[in-house]
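Notes for the one structure printed next.
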């Protein structure tokens, strides 16, 4: 009788331990599922857009689309172009990002586009021309800008490479080559002038020179440390600025007003 009672007590104790183990395991599983469900249900913050950096190490195909704006129409054109960039351009194959810059006097806009490769950029050209309402005739474009193409290649950077993040201030200079002059000479002088300006102009954080791929124009993009205008009259030596014999120059202080990242 005593033996039977002892066996019974041992069996009851064993069952109790198994029940506690199963209960503990069930509670742990429930806690694990609760943590997993909480993580899955938590909203995922969108990744911040990548800063648009103009640098010689970039692998993207770059395009500059300078646009003249009628008096009083800059704000309207800015909204229209941003809508197209977000709704139509950002969904195109190979789109790598876009930046829209505007002048303070309301006279001009500049759209900078990045593409993953040349074929993606070329396939989008017709649509881009239509959305931006820019010249379809290459001769008319060359007459206004000195170049018939929007494609540019970064030649050189000095100081910190320009970063076209929103609200950044940059000075954009375009040198349109005069007929009968050497593009190579103009480009080398522009590179040298870039280095001198970054070295001597305390308002300049850094800059880059970019060449139009048809050798018709050189762009210089200078990043300002603050909202003050960069000094436009800095020269090398001699009575005339370096570009005077070679090119016609236009220069604007611009602010980045919109950035559209790749999707």
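The values are calculated or read from the model by the stated rules, or taken from the named source; none is laboratory data. For clarity, every value in this text was computed on a predicted model and none was experimentally measured. FYI the Cβ positions are ideal-geometry reconstructions off the backbone, even for glycines, and counts take in every protein chain you see.
Overview of values
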| read-out | value |
| --- | --- |
| Sole exception among (1) outside any helix (DSSP H, G or I); (2) closer than 21 Å to residue 251 by Cα; (3) in contact with a strand residue (DSSP E or B) (Cβ under 9 Å, 6 or more places away or on another chain) for residue 144, by number | (1) |
| Residue within the stretch 188-206 that is in contact with a helix residue (DSSP H, G or I) (Cβ under 9 Å, 6 or more places away or on another chain), part of a loop (DSSP other than H, G, I, E, B) and under 22 Å from residue 250 (Cα atoms) present | no |
| Enumeration of residues in the stretch 120-139 that are assigned to a helix (DSSP H, G or I) and in contact (Cβ under 8 Å) with a residue 60 or more places away in the chain | 121, 128, 132 |
| Pairs where the first residue, in the stretch 170-193, is more than 12 Å from residue 209 (Cβ to Cβ) and the second is in a helix (DSSP H, G or I), C-beta under 6 Å, 6+ apart | 177/183; 177/186 |
| Residues located in the stretch 189-229, provided they are out of contact with any strand residue (DSSP E or B) (no Cβ under 9 Å at 6 or more places or on another chain) and more than 15 Å from residue 241 (Cβ to Cβ) | 202 |
| Candidate set from the stretch 213-227 (those that are touching a helix residue (DSSP H, G or I) at 6+ places or on another chain (Cβ under 8 Å) and assigned to a strand (DSSP E or B)); member that is surrounded by the most Cβ atoms within 10 Å (Cβ to Cβ) | 218 |
| Filter result for residue 184 (part of a helix (DSSP H, G or I), closer than 18 Å to residue 217 by Cα and out of contact with any strand residue (DSSP E or B) (no Cβ under 6 Å at 6 or more places or on another chain)) | yes |
| Residues being under 19 Å from residue 153 (Cα atoms) and in contact with a strand residue (DSSP E or B) (Cβ under 8 Å, 6 or more places away or on another chain) - total across the stretch 102-126 | 12 |
| Scan of the stretch 60-85 for residues that are modelled with pLDDT under 95 and within 16 Å of the chain's Cα centre (by Cα), ordered by number | 60 |
| Of all residues making up the stretch 76-94, the number that are over 22 Å from residue 135 (Cβ atoms), out of contact with any helix residue (DSSP H, G or I) (no Cβ under 6 Å at 6 or more places or on another chain) and touching a residue at least 12 places away in the same chain (Cβ under 8 Å) | 3 |
